[in-house]
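The values are calculated or read from the model by the stated rules, or taken from the named source; none is laboratory data. For clarity, every value in this text was computed on a predicted model and none was experimentally measured. Neighbour counts are summed over all protein chains in view; Cβ atoms, including those assigned to glycine, are modelled from backbone coordinates with ideal geometry.
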Amino acid sequence: LFLFFCVSFELDSSLFVGFVRFVFDEGDEGDEGDEGDQERALGSTTASESDSKFDFNGDGEVNLDDFFQLFLAYYHGSSDPRFDLDGSGVVDSADLDLFLDAFDSTAQAKLVAMAQDQIGLPDSPQLQQNAPNPFNSQTVLPYFLPEPGPVRMEILTLTGQRVAVLSQGQQRAGYHRLSWDGQDDAGRPLASGVYLYRLVTTEGVLTRKLVLLR
């Protein structure tokens, strides 16, 4: 029922946010009846304090309702310009990062955990097939992280020689997309062929193949 309301957005906004507050605060002591404390705990902020483009439902606040609208657009790979905050043409992790910056780190973790619980996100890292594949000039490598942590995405030859590191460092939980232009770390175009792309996390290593055609 909750997921139906999330997808349809037909539930009254105040009821929706109130229900999500209940899920977050269930089991917490001393918070009942203090709506202001609940708002601060969840990181809700007024639109005037950040950017009004984050206020998707027009209620004057950047809150959980807005997050779920953006997250579902992101989850389904939407190109809706309302949620394409950086104007890239697709709702991607960069848009989610822009939105999450309106919240503190504690609230960010709660928001992602809520999405995992209610939308049924994977509980382990996932490495998806690149697209397009085969590719010539650029391809996108999608992956999912259930928890924040150190991550490395790299390109290797079939013999295991590493030719490019696309990303290395701490990353937030959620869906991510990295682009690769078929060049090595020195900016030299690689030859046509089959390559490996590898996602390295604290939970292990995931590897897939891609095809570069010149």
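Does Phe144 satisfy the condition of being surrounded by 15 or more Cβ atoms within 10 Å (Cβ to Cβ) and over 28 Å from Thr207 (Cα atoms)? So that I can check it myself, show each step before the final result.
Details: surrounded by 15 or more Cβ atoms within 10 Å (Cβ to Cβ): yes; over 28 Å from Thr207 (Cα atoms): no.
Spelling it out, it is not the case that Phe144 is surrounded by 15 or more Cβ atoms within 10 Å (Cβ to Cβ) and over 28 Å from Thr207 (Cα atoms).
Quickly run through the range 150-170 and pick out the residues that are out of contact with any Phe, Trp or Tyr (no Cβ under 9 Å at 6 or more places or on another chain) and surrounded by 15 or more Cβ atoms within 10 Å (Cβ to Cβ).
Here is the first cut: in the range 150-170, the residues out of contact with any Phe, Trp or Tyr (no Cβ under 9 Å at 6 or more places or on another chain) are 150, 152, 159-162, 165, 167-170.
Hit for the range 150-170 is Arg152, nothing else.
Only a single item in (1) crowded, with 17+ Cβ neighbours inside 10 Å; (2) small (Gly, Ala, Ser); (3) over 20 Å from the mean Cα position of the chain (by Cα) is not met by Ala173, and it is number (3).
Restricting attention to the range 124-141, which residues are more than 14 Å from Glu203 (Cα to Cα) and not hydroxyl-bearing (Ser, Thr, Tyr)?
Of the range 124-141, the ones more than 14 Å from Glu203 (Cα to Cα) are 128-141.
Across the range 124-141, the qualifying residues are Gln128, Gln129, Asn130, Ala131, Pro132, Asn133, Pro134, Phe135, Asn136, Gln138, Val140, Leu141.
Can you tell me which residues in the range 142-173 are of a type in the set (A, V, I, L, M, F, W, C) and modelled with pLDDT of 95 or more? Those that are of a type in the set (A, V, I, L, M, F, W, C) and modelled with pLDDT of 95 or more: Val151, Met153, Ile155, Leu156, Leu158, Val163, Ala164, Val165, Leu166.
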